[in-house]
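Here's the structure, in structure tokens; my notes come after.
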Number of protein chains: 2
Amino acid sequence: MTIRTPDWAKDAIYYQIFPDRFAKSERVAKPSNLQTWGATPTFNGFMGGDLLGVVEKLDHLVELGVNAIYFNPIFSSASNHRYHTYDYFEIDPILGGNAAFKEMLDAAHARGIRVLLDGVLNHSSRGFFQFNHLMECGSESPYVDWFHIHGWPVNAFASESPNYAAWWGIPALPKFNTDTPAVREYLWRVGEYWLEMGIDGWRLDVPNEIDDDEFWREFRRRCLAVNPDCYIVGELWHDAHRWLQGDQFDAQMNYNFTRATLGFFIGDNMDQTDTHRTGYGHMATLNGQQFLGELDRINNHLYAQQIVLAQMNMLGSHDTPRVMTIAKCDVQGVKLMYLSQMTNPGAPNVYYGDEIGLTGGHDPYCRGAFPWDSAETWNTDLLASLKSYIALRNDCVALRRGSFVPIFADDDVVAYGRAFEGEYVLTVFNRSNRKRTVALNWPDAPTRWDGALEDQGMQFDLSKKLTLAGRSGRVFIGRK
Amino acid sequence: MTIRTPDWAKDAIYYQIFPDRFAKSERVAKPSNLQTWGATPTFNGFMGGDLLGVVEKLDHLVELGVNAIYFNPIFSSASNHRYHTYDYFEIDPILGGNAAFKEMLDAAHARGIRVLLDGVLNHSSRGFFQFNHLMECGSESPYVDWFHIHGWPVNAFASESPNYAAWWGIPALPKFNTDTPAVREYLWRVGEYWLEMGIDGWRLDVPNEIDDDEFWREFRRRCLAVNPDCYIVGELWHDAHRWLQGDQFDAQMNYNFTRATLGFFIGDNMDQTDTHRTGYGHMATLNGQQFLGELDRINNHLYAQQIVLAQMNMLGSHDTPRVMTIAKCDVQGVKLMYLSQMTNPGAPNVYYGDEIGLTGGHDPYCRGAFPWDSAETWNTDLLASLKSYIALRNDCVALRRGSFVPIFADDDVVAYGRAFEGEYVLTVFNRSNRKRTVALNWPDAPTRWDGALEDQGMQFDLSKKLTLAGRSGRVFIGRK
């Protein structure tokens, strides 16, 4: 089949928002027992971020250069991360409910910012209507076929060993029985409903655990029937070609890119204390050849070009320690990673707060409150660099739509090109602390190039050797 | 204060619908595991009645002479009676959800039928969002002040002795903390919301258990601000003058009337096997003097006239054995009770199925499915009599708006009058099996009367003695 992903997704710069921690508006009434904004995150505590808070901080996103938001779950849920869905058709009241959602969506769209929601369709929560029904009514409930129940009464709160299928055996997360037609219809309807409400796409939580391609094919058909420009990205931590054939998802959360980038730019300096508890696993240190080889593999061999250009490339998420923490606060290393992220195929995603250098270990510590009221703690140097990289990507169509051309690699230096309709962009990195001088060869490319970023205003002849300072990256733009 | 109850409520003939059991439409998709329609009711089983089923049976109500429906709860709930509210702002999906509600409400209103909903505001269910939040998040939940929690973790499914306040100590029914401002606002908002959606009033479940007059005063203010004709009736089984001063409720579910009527017409023949488990308690046999005295007390002394005319008078409900069962299938006795109900002050309420003589003991047996497909089982004689009594009430404004005048009582014979703006209605009962002849004296009343019901077309002079057959009732209408 012809693979087609949305055009806008190739131009997207995402900003990922963990709603309880991004911003809190005075306009949303709150329940009483909240943690102080900025307190150490706990597994169960709420700080009270909300969607009107997001509205009030949209300028920050616009200034950053962002044009899309990926929201961690916002449907009503008895958890601060809201992956325990209570009602798929209601926005959580602490977030401001459906009215705040509408205001946020309108405000975002008015600024050209698209919105992805997080679809958690593999499992619900113990509070979900049909599951609660089974707890209350037992085997006489009409909903006995909505979950995989192995015995009665359902022991959802009475045992650590649930007598029903649950995600990773966690009692709080009963797995849907997606063989039941009514369940399939219900979940497909969730997909349709929020697109009808105006969202631009879905991030799907652990979609591989609904091991049923036809379920996801129909999900895609339903979604695209509502909005042909709908974007669907799966939380798939490794090779995802099964789902990226054009009939299921447009993209994956591209942790392959994350691992490779961390492995090259941070390498042996990574703090991997907790990464084995995440989808990262243990990340290998990569030399330049390995890094470029991995980029070539994921950009040129693993998936069709339409998929590659629509991938969601992150340096971290709510599911990982923050990039600054894994990088042990190597700010320059993180800058190089951002530059790599902004110059690679695939839509970059910035996890809220990473742009100002927030640190935080594994869940729940990677979900701290955004320190709006203590701007003196922000890493404004990092923020300025990131803004310039995002602006570069927004300026260069080749970075968003172009081919990926491996150019050069040795242990510490890597160069790759991007080319699209006469625009060429060359990116070169030196991860070592030593100055390096290299000769680069990109057949058929222009010979005269304009420097970008710190090299802006200068012209370069790439037939001559190129010198890079220690731990630096340089970008050149050519046209013909 | 001036007491004012809605004019329409004085003219109302209610029909009480237990939604899971009244009627089931093909147009509402159903979950798989339903009991067969007409099966023996169980505590947890569902038969799948719905609100489009109600729409399809409205002709039956119109033919009966009904002009209002009181619905047992219809909000989403994991129980067949739906007193365990899951979401106060959603109609239960098995009932057809909000869309079916809208269709039902429009169809009822189009036929001049008003709609009361059942407001269960004292307690929620374990599945209710904020309570589920406490189960999932424990003491870190923002909602710790929504319920009365005595210890953590909340042991809602782990013990028969809940560590939180619950209705009658039943773990499934956590009691709201109505001292918390957010809870008060929430519950008041429920009241407003469904009036905004178009309902005509509220029946309030166990309102005495929210022991807070100001809570109910504000509830009334909020409701009347939306609909000044809103009717509010409380489930109050005994003397209710505390709540019937004009600033809280318009009426009570007038089980005082029920007890008196059963006590006189059925008396020693009552099956009281299960009545001690209901709000009835043990019901005394009454002679005629006692019966008339009780009617005089509840109609002329206990409450203001505006309240008396708006009372909801039933012969049974979802909370009692069916009247036919308590009467041990004494059909004539039940007919006399209906005639008394239709000739007394207070709006009569007919519990679904009672009109065709359904039997059924204490919950769950009083909640059987309406046998639409086996009309041969209906007691059509009873139905015809009831229709004629309802028609009589609908024809005579004095029955709906008139004063209540005790006329005569001995052990077995009771007579009372109703008078309103020149219309007089005299009702006389002989509960004994023997023919009785009595002399009646109603000073200032007309002397020439027209017979009603079986006496229709005949004229009577009440200055002469009146003869009544055994176990009979007669009604006469006079004007001056």
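The values are calculated or read from the model by the stated rules, or taken from the named source; none is laboratory data. Remember, predicted model here, so these are calculated numbers, not experimental data. Cβ: placed from backbone, ideal geometry, glycine included. Neighbour counts: every protein chain shown. Keep in mind that these areas ignore ligands, DNA and RNA; they rest on the heavy atoms of the full protein, side chains included. Shrake-Rupley method; radii C 1.70, N 1.55, O 1.52, S 1.80 Å.
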Checklist entry - Tell me, which strands (runs of 3 or more DSSP E) lie completely within the stretch B:412-480 with 1 or more residues that are in contact (Cβ under 8 Å) with a residue 24 or more places away in the chain? => result B:413-420, B:423-430, B:436-438, B:448-451, B:466-468, B:472-479
Next on the checklist: Can you list residue pairs whose Cβ atoms sit under 7 Å apart, with the first residue in the stretch B:184-203 being in the same structural domain as B:ARG114 (by TED's automatic domain parsing) and the second being assigned to a helix (DSSP H, G or I) and acidic (Asp, Glu)? Count only pairs 6 or more apart in sequence or on different chains.
Outcome noted: B:TRP188/B:GLU218
Next on the checklist: Only one of A:LEU286, A:LEU302 is closer than 18 Å to A:GLU235 by Cβ and among the hydrophobic types (A, V, I, L, M, F, W, C). Can you tell me which?
Outcome noted: A:LEU302
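Answer yes or no as to whether B:LEU426 is surrounded by 17 or more Cβ atoms within 10 Å (Cβ to Cβ), assigned by TED's automatic domain parsing to the domain that holds B:MET312 and of a type in the set (A, V, I, L, M).
Taking the combined requirement at face value, the residue does not satisfy it.
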Checklist outcome for this item: Matching residues in the stretch B:361-378 (open to solvent by less than 10 Å² (accessible area, probe 1.4 Å), assigned to a loop (DSSP other than H, G, I, E, B) and in contact with a helix residue (DSSP H, G or I) (Cβ under 8 Å, 6 or more places away or on another chain)) number 1
Checklist entry - Restricted to the stretch A:379-403, and to residues that are open to solvent by 50 Å² or more (accessible area, probe 1.4 Å) and out of contact with any strand residue (DSSP E or B) (no Cβ under 6 Å at 6 or more places or on another chain), which residue is nearest to A:HIS60 (Cα to Cα)? => result A:LYS387
Checklist entry - Do the conditions hold for B:TYR83, that is, is it in a strand (DSSP E or B) and in contact with a strand residue (DSSP E or B) (Cβ under 9 Å, 6 or more places away or on another chain)? => result no
Checklist entry - Of all residues in the stretch A:17-46, which are open to solvent by less than 10 Å² (accessible area, probe 1.4 Å), within 12 Å of chain B (Cβ to nearest Cβ) and more than 22 Å from the chain's Cα centre (by Cα)? => result A:GLY45, A:PHE46
Item to check | Subset of the stretch A:245-283 (residues that are without any contact (Cβ under 8 Å) to a residue 40 or more places away in the chain and not in a loop (DSSP other than H, G, I, E, B)) | outcome: A:ARG259, A:ALA260, A:GLY263, A:ASP268, A:HIS276
Checklist entry - Any chance the stretch A:80-100 includes a residue that's touching a helix residue (DSSP H, G or I) at 6+ places or on another chain (Cβ under 7 Å), within 30 Å of A:LEU399 (Cα to Cα) and more than 14 Å from every other protein chain (Cβ to nearest Cβ)? => result no
Next on the checklist: If a residue must be exposed (fewer than 13 other Cβ atoms within 10 Å of the Cβ) and outside any helix (DSSP H, G or I), how many such residues does the stretch A:225-240 contain?
Outcome noted: 2
Checklist entry - What is the one condition in (1) more than 14 Å from every other protein chain (Cβ to nearest Cβ); (2) out of contact with any Ser or Thr (no Cβ under 6 Å at 6 or more places or on another chain); (3) open to solvent by 20 Å² or more (accessible area, probe 1.4 Å); (4) closer than 24 Å to A:ASN379 by Cα that A:GLU56 does not satisfy? => result (2)
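Would you point out which residue out of B:ARG259, B:ARG222 is crowded, with 21+ Cβ neighbours inside 10 Å, modelled with pLDDT of 95 or more and not hydrophobic (A, V, I, L, M, F, W, C)?
Sole residue among the options that is crowded, with 21+ Cβ neighbours inside 10 Å, modelled with pLDDT of 95 or more and not hydrophobic (A, V, I, L, M, F, W, C): B:ARG259.
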Next on the checklist: Residues that are open to solvent by less than 10 Å² (accessible area, probe 1.4 Å), within 30 Å of A:LEU173 (Cβ to Cβ) and not polar (S, T, N, Q): does the stretch B:104-121 have at least one?
Outcome noted: yes
Checklist entry - Can you tell me how many residues in the stretch B:300-356 are more than 22 Å from B:LEU244 (Cβ to Cβ), open to solvent by less than 10 Å² (accessible area, probe 1.4 Å) and among the hydrophobic types (A, V, I, L, M, F, W, C)? => result 11
Item to check | Flag if A:MET324 is outside the structural domain of A:ASN430 (by TED's automatic domain parsing), on the phi < 0 side of the Ramachandran plot and touching a Phe, Trp or Tyr at 6+ places or on another chain (Cβ under 9 Å) | outcome: no
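Which one is farthest from A:HIS148 (Cα to Cα) among residues in the stretch A:191-202 that are of a type outside the set (D, E, K, R) and buried (at least 21 other Cβ atoms within 10 Å of the Cβ)?
If we take residues in the stretch A:191-202 being of a type outside the set (D, E, K, R) and buried (at least 21 other Cβ atoms within 10 Å of the Cβ), then A:ILE199 is farthest from A:HIS148 (Cα to Cα).
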Checklist entry - Is one or more of the residues making up the stretch A:103-118 in contact with a strand residue (DSSP E or B) (Cβ under 6 Å, 6 or more places away or on another chain) and within 12 Å of chain B (Cβ to nearest Cβ)? => result no
Checklist outcome for this item: A:SER159: passes all of (1) at the interface with chain B (Cβ under 8 Å from one of its Cβ atoms); (2) open to solvent by less than 40 Å² (accessible area, probe 1.4 Å); (3) outside any helix (DSSP H, G or I); (4) more than 26 Å from A:GLU235 (Cα to Cα) but (1)
Next on the checklist: Among the residues of the stretch B:162-190, what is the count of those that are open to solvent by 30 Å² or more (accessible area, probe 1.4 Å), in a helix (DSSP H, G or I) and more than 10 Å from every other protein chain (Cβ to nearest Cβ)?
Outcome noted: 5
Checklist outcome for this item: Considering residues that are farther than 29 Å from A:ARG4 by Cβ and either part of a loop (DSSP other than H, G, I, E, B) or of a type in the set (Gly, Ala, Ser) (or both), the number found within the stretch A:284-318 is 7
Item to check | Sole residue being in the same structural domain as A:LEU309 (by TED's automatic domain parsing) and closer than 25 Å to A:HIS81 by Cβ, chosen from A:ALA240, A:ALA225 | outcome: A:ALA240
Next on the checklist: Tell me yes or no: at least one residue of the stretch B:135-144 is open to solvent by 20 Å² or more (accessible area, probe 1.4 Å) and of a type in the set (A, V, I, L, M).
Outcome noted: yes
Checklist entry - What about B:GLY279, is it within 25 Å of B:ILE17 (Cβ to Cβ) and surrounded by fewer than 21 Cβ atoms within 10 Å (Cβ to Cβ)? => result yes
Item to check | The one condition in (1) at the interface with chain A (Cβ under 8 Å from one of its Cβ atoms); (2) open to solvent by less than 10 Å² (accessible area, probe 1.4 Å); (3) of a type in the set (Gly, Ala, Ser); (4) part of a helix (DSSP H, G or I) that B:SER125 fails to fulfil | outcome: (4)
